[in-house]
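Nothing in this text is a laboratory measurement; each read-out follows from the coordinates by a stated rule. Keep in mind it's a predicted model, so treat the numbers as computed, not measured. Glycine gets a Cβ as well: all are built from the backbone with ideal geometry, and neighbour counts include every protein chain shown.
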Amino acid sequence: MTHILVTGGAGFIGSNFVPYFLEANPDIHLVNIDLLTYAGNLDNLKEVEGNDRYTFIKGDICDRKLIEDIFEKYDITGVIHFAAESHVDNSISNPDAFMQTNILGTFNLIDVAKNRWMVSPGVYKEAYKDSRFHHVSTDEVYGTLGKKGLFVETTPYAPNSPYSASKASSDFIVRSYHHTYGMNVVTTNCSNNYGPKQHDEKLIPTIIRKALSGEAIPIYGDGSNIRDWLYVLDHCKGIALAYENGVSGETYNIGGRNERNNLYIAQTVCELLDQKHPKTDGTSYKELIAYVKDRAGHDFRYAIDASKIENNLKWKADENFESGIDKTIDWYLNKFIQNKTKSLA
Ligand code: NAD
């Protein structure tokens, strides 16, 4: 049995990754460390509760002693690092936690892994010769695009928010451990994810939640900001492929070639809700869309060229935005109806 440490596995992407990866790898035991901040939710992991190849530990990736103990107790031979403060708006109002977790937490983890797995720069202990540190990151490190162009792996870093600056810093720490110590590392930089289990604060869950409760659906500025949307399970599949087959020291961009602006997202979600859960008064949810003051420093457009992971690792997104959003709405509607039934009981 191989023991892999997943960090932040109770968050949105991690909690989609854990069941997927456990099922795809019957010889792997996953140890999930998560601090259960406001963004972590163990309800998202109900499907793996009781699985004897899964262990949950509540803890902070910045706690060095705890991380050392976990590496020793479970003889960890690989790390897939999701844990982060991830919401750009929070990074504007409260950047401290972003610097702590995203920068110092990543440093702590990779430094413990290096000391545990390696004898000296470039030399791994025999038992850990295949051990790898996978860092999960974002396309936001590249800054913003104008109307044209795509982010490639060689695009210079130009982070614009405290969130993206903290993620860029963590990417550089991971890069430096490869170049300086010869560590076996891979970084993936992904575009905006959506799908089941995402925290309420993010754009698509906010649109659904506000619509279903009949409140104004807030859209920043004029709604023209563009993101490249990827269904979360497609991201998970890309991470698994890069963890297993990626070349050490390389970075891989993951994106769905699904550029959509925020207004289109809101309108599409409302149209699907109109079909699947019509309002009793016969009006469209679209009437709830309301423009609000733009986010400070709001990046205009992100878009990924995923050719490298597509060509070298044979990754391909299974969902386009329209198929992925349909599944996503079904998942949230189901949750909404269950919650409503619970509150009526
Ligand atoms: P999330 O905010 O939903 O989950 C983060 C998880 O990390 C939570 O469960 C939280 O409790 C945990 N955590 C936070 N601080 C911790 C700490 N100090 N110690 C241990 N656990 C801690 O985030 P997400 O959307 O699932 O993102 C996961 C990763 O993927 C992040 O590194 C993020 O930068 C990256 N990413 C996200 C997206 C996206 O669209 N969501 C896109 C690209 C990359």
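For this structure, a couple of remarks:
- Only Lys, Arg, Asp and Glu carry charge here, each on its Cβ (+1 for the first two, -1 for the last two); on that basis the chain has a dipole of about 200 debye about its Cα centre.
- FRET efficiency, 1/(1 + (r/R0)^6) with R0 56 Å, evaluated for LYS293 and GLU47 via beta carbons: 0.90
- Over segment 250-345, all Cα pairs binned in 10 Å intervals from 0 give whole-percent P(r) values of 12, 30, 31, 20, 6, 0, listed from short to long.
- Neighbour-count ranking [beta-carbon atoms within 10 angstrom, fewest first] of PHE172, PHE321: PHE172, PHE321
- Cβ-derived FRET efficiency at R0 41 Å, SER224 paired with GLU153, nearest 0.05: 0.90
- Sorting 7-15, 130-138 by their mean Cβ neighbour count within 10 Å, with the most densely packed peptide first, gives 7-15, 130-138.
- Highest average packing first - 18-31, 203-216, 276-289, 99-112, Cβ atoms within 10 Å: 99-112, 203-216, 18-31, 276-289
- Against the compact-protein benchmark of 2.2 N^0.38 Å, the Cα-based radius of gyration of segment 210-252 scales to 1.92.
- Taking Lys and Arg as +1 and Asp and Glu as -1, the other residues whose beta-carbon sits under 13 Å from that of TYR54 total -3.
- Exposure proxy for TYR124, TYR231: other Cβ atoms within 10 Å of each Cβ, ordered fewest to most, give TYR124, TYR231.
- When the convex hull of its Cα atoms is projected in every direction, mean area for the chain (nm²): 17.6 nm²
- With the Kirkwood sum run over all distinct C-alpha pairs, segment 33-147 has a hydrodynamic radius of 16.1 Å.
- A cut-off of 5 Å between modelled amide H atoms, ignoring neighbours fewer than 5 places along the same chain, links TYR252 with THR187, THR188, ASN189.
- Between the listed residues THR144, TYR124, HIS235, the Cα displaced farthest toward the positive end of the dipole of the chain, a dipole computed from Cβ unit charges relative to the Cα centre, is found at THR144.
- Per-peptide packing, taken as the mean over residues of other Cβ atoms within 10 Å, places 236-246, 328-338 in the sequence 236-246, 328-338 from highest down.
- Normalised by the number of residues in the chain, the average gap of Cα pairs under 8 Å and 6 or more apart makes the relative contact order 17 percent.
- Charge tally in the Cβ shell below 13 Å around TRP117, where Lys, Arg are +1 and Asp, Glu are -1, TRP117 excluded: -1
- Diffusion coefficient, µm² s⁻¹, Stokes-Einstein with Kirkwood Rh over alpha-carbon pairs of segment 221-306 at 10 °C and 1.306 mPa s: 102 µm²/s
- Long pairs among LYS286/LYS335; LYS210/LYS276; LYS167/LYS308; LYS73/LYS114, criterion Cα-Cα beyond 18 Å: LYS286/LYS335; LYS167/LYS308
- The chain - share of DSSP beta bridges that are antiparallel (%, nearest 5): 15 percent
- Segment 74-201: mean projected area of Cα convex hull, nm²: 9.4 nm²
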